[in-house]
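The values are calculated or read from the model by the stated rules, or taken from the named source; none is laboratory data. These numbers come from a predicted model, not from an experiment. Here Cβ is always computed from backbone atoms with ideal geometry, including for glycine, and neighbour counts include all displayed protein chains. Side chains included, ligands, DNA and RNA excluded: accessible areas come from the protein's heavy atoms. Shrake-Rupley method; radii C 1.70, N 1.55, O 1.52, S 1.80 Å.
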Amino acid sequence: MNLSMQIPARRLAVVFVALCVTQFAVAQLRSDPAAKRPMARAPVGEAPNLASFGVVEWLQRLHTASRERSYVGTFVVSASAGNLSSARIWHACEGDLQLERVEALTGPARSTFRRNDHVMTFLPDTKVVKSEKRESLELFPNLLGAPDSSIADFYGVRMLGHDRVAGFDTDVISLVPRDSLRFGYRIWSEHRSGLVVKLQTVDGDGKIVEQSAFSELQLDAPVKVHALSQMMQSTAGYRVEKSELERTTSMAEGWALKTPVAGFKPTSCYRRAMGGAGALERTVQWTFSDGLASVSLFIEPYDAQRQPQEVLLMLGATYTMTRRLVDKGGDWWLTVVGEVPPQTLDTFAQSLARTR
């Protein structure tokens, strides 16, 4: 069964509560591995020699800008179906502290705050606040983590020229995948700072499957960390629901990949309770990243009365595949989610094996 759902609000209405195929939240789809070489920096007030940059230097520049600049902007996402969704974003930084507020402008009312890895999502219609730890946010322009040098084995970079976006002069580059396991990207970055202001995800035929951009942006805006922190802590009148993740390993949970998927390295593995805190059954979430794209595998015991049919879903650039796994020790339900072509999800599913 193959269902296609063009829902362009993936990074807005579901930025912090990602696609739920079974009965758990899908999150943490980006990693942030440490960079292995220093970022090339130009003197203050001068742009670096971008023509000499390889893919690693470009990604380090984009990542650094997203963590060092305060800004306020209106953010728009569109998918190939042509629908639009938008949000207002406030981003402040103070040393190693990152603090953000995202206000959905379309769809159900939702305000999401992040203080480093602590995320709180306010749902005013139900008077609920969802509180959780999150290693990454899946929030543009924090799309790109600090890469290691191996990413150049799987992506090349081309300078496409210059453009203007939201009133800013930008450099336009293309990140070209070297195989069919990942999408390509066109990126518009603000010329002086390197901040990503527009992003297109493209498939193997060059077709745009999703586009994200600031329609309006104020760089170095006077966004105060203290003010955002106070708003984040204002939970009076709301019921706070905490989602606790327990760090684990795939080995401890009895899972392995028979064959590694080229370029994708494991970044984290967690267990989460099914059906709320204190539940005996737990879902394993095993996440992989190639430094740009991420794939998460969610594994839980199979329940014939609860699990749906096997499906393939598409939300913008995100594909989700569900599959029943039959094992001598019991049956399992697998959900694979990633911003990758569907054949990549199938490769992960085919390689997953029970080890005990």
**Complete:** Counting only residues in region 49-70 that are in a loop (DSSP other than H, G, I, E, B) and either over 25 Å from P177 (Cβ atoms) or open to solvent by 30 Å² or more (accessible area, probe 1.4 Å) (or both), the one modelled with the highest pLDDT is identified as S70
**Prompt:** When you go through S85, S78 one by one, which is the residue that is more than 22 Å from E190 (Cα to Cα), among the polar types (S, T, N, Q), out of contact with any Gly (no Cβ under 6 Å at 6 or more places or on another chain) and at pLDDT below 95?
**Reply:** S85
**Message:** Quick test of your reading of the structure: P301 fulfils all but one of (1) over 24 Å from the mean Cα position of the chain (by Cα); (2) under 30 Å from D153 (Cβ atoms); (3) open to solvent by less than 70 Å² (accessible area, probe 1.4 Å); (4) not aliphatic (A, V, I, L, M). Name the failing condition by number.
**Reply:** (2)
**Message:** Can you confirm whether K127 is at pLDDT below 95, open to solvent by 50 Å² or more (accessible area, probe 1.4 Å) and out of contact with any Cys (no Cβ under 7 Å at 6 or more places or on another chain)?
**Reply:** no
**Request:** Mind listing whichever residues of region 177-198 are closer than 19 Å to V76 by Cβ, crowded, with 22+ Cβ neighbours inside 10 Å and not polar (S, T, N, Q)?
**Result:** Y185, I187, W188, E190, L195, V196, V197, K198
**Request:** Take region 108-119 and flag every residue that is surrounded by fewer than 21 Cβ atoms within 10 Å (Cβ to Cβ) and assigned to a strand (DSSP E or B).
**Result:** S111, R115, H118
**Message:** So in region 158-176, with the set limited to residues that are out of contact with any Phe, Trp or Tyr (no Cβ under 8 Å at 6 or more places or on another chain) and either part of a strand (DSSP E or B) or among the acidic types (D, E) (or both), which one is surrounded by the fewest Cβ atoms within 10 Å (Cβ to Cβ)?
**Reply:** G161
**Request:** Test V336 against the stated conditions and say whether it is buried (at least 16 other Cβ atoms within 10 Å of the Cβ), modelled with pLDDT of 95 or more and in a strand (DSSP E or B).
**Result:** yes
**Asked** Can you tell me which residues in region 210-263 are open to solvent by 40 Å² or more (accessible area, probe 1.4 Å), under 30 Å from D346 (Cα atoms) and part of a helix (DSSP H, G or I)?
**Response** M251, A252
**Residue list for region 59-112, filter: of a type outside the set (K, R) and farther than 26 Å from K130 by Cβ** = L59, Q60, L62, H63, T64, A65, E68, S78, S80, A81, G82, G95
**Asked** Between a first residue in region 152-164 that is closer than 16 Å to G194 by Cβ and a second residue that is surrounded by fewer than 17 Cβ atoms within 10 Å (Cβ to Cβ) and among the small types (G, A, S), which pairs have beta carbons less than 9 Å apart while being 6 or more apart in sequence or on different chains?
**Response** V157/G54; M159/A51
**Message:** Can you say whether G330 is surrounded by 19 or more Cβ atoms within 10 Å (Cβ to Cβ) and at positive phi, as far as the supplied structure shows?
**Reply:** no
**Request:** Would you point out the residue of region 71-82, among those that are of a type outside the set (A, V, I, L, M) and within 20 Å of the chain's Cα centre (by Cα), that is most open to solvent (accessible area, probe 1.4 Å)?
**Result:** S80
